[in-house]
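Everything below concerns the one structure shown next.
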Amino acid sequence: MELNLPSILTPDLGLLFWMLLAFLVVFFVLAKFGFPAIIGMVENRKKYIDESLRKAHEASQRLENIQKEGETILQEARQKQMLLLKEAADTRDAIIAKAQDKAREEGIRMIAEAKAEIENEKKAAISDIRAQVAELSVRVAEKILRKELSSDYGQMDTINRLLDEVAGDDKKN
């Protein structure tokens with residue numbers, strides 16, 4: 001029993017024709033309407049991706065420029081900070097030197113005033129001592145003269161001696 005069934009693996013010539021015709025119609029419809037739409041969408045997507053890559057590259061360059069500017073600004077700030085610290089140290093040193101000079105001058109002035117005051121006190125003390133010595137001398141002389149002048153003979157002897165001394169002083173001059 002042999003059946004004459006068409007083989008699944010070997011199609012018929014009519015089937016092949018209609019399949020080819022259906023394929024060509026579908027291909028023509030797709031080529032006319034589908035492929036341009038698909039290609040347009042792919043091109044739009046490619047443009048969008050290219051534009052995004054370009055923008056990302058620009059953003060990366062801007063970020064790099066901003067980082068460089070930030071580093072430059074930071075370096076300038078550090079230099080300004082160092083300059084300000086140096087100026088502050090110089091100002092501090094100048095103030096200290098000025099204060100030391102002023103203290104030195106004040107010390108010299110105070111020493112001079114103290115010396116002048118000491119000299120004045122010394123002169124006053126010497127003057128006071130001289131006055132006391134003169135007063136004591138006058139008192140002692142007065143007591144001696146009273147004692148010597150208490151008798152007539154003593155008075156004459158003292159007067160003669162004083163006259164001799166005065167005459168001796170006149171001869172020397």
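Here are some notes:
- Between helix 13-29 and the chain: long-axis angle, C-alpha atoms, 0 to 90°, nearest 10: 40 degrees
- Principal axis dimensions, largest first and in whole angstrom, of segment 42-131 by Cα: 129, 11, 6
- Each Lys and Arg Cβ is given +1 and each Asp and Glu Cβ -1; about its Cα centre, the chain then shows a dipole of about 600 debye.
- Solvent-free Debye scattering, log10 I(q)/I(0), computed from the Cα coordinates of segment 12-62 at q = 0.27 Å⁻¹: -0.91
- Between L136, Q81, G14, the Cα set farthest toward the positive side of the dipole of the chain (charges on each charged residue's Cβ, about the Cα centre) is that of G14.
- Once Kirkwood radius over Cα pairs in Å is calculated for the structure shown, the corresponding label among (1) 20.2; (2) 16.3; (3) 32.2 turns out to be (3).
- Total formal charge among the other residues, if their Cβ is under 13 angstrom from that of A77, Lys/Arg +1 and Asp/Glu -1: -1
- Cα-centre dipole for segment 42-131 with unit charges at Cβ (Lys and Arg positive, Asp and Glu negative), debye to 20: 300 debye
- 0 to 90° range, to nearest 10: angle between helix 35-148 axis and the chain longest Cα axis: 10 degrees
A short reminder: the numbers here are calculations on the coordinates, not readings from a lab. Source: prediction; values computed, not measured. Cβ: placed from backbone, ideal geometry, glycine included. Neighbour counts: every protein chain shown.
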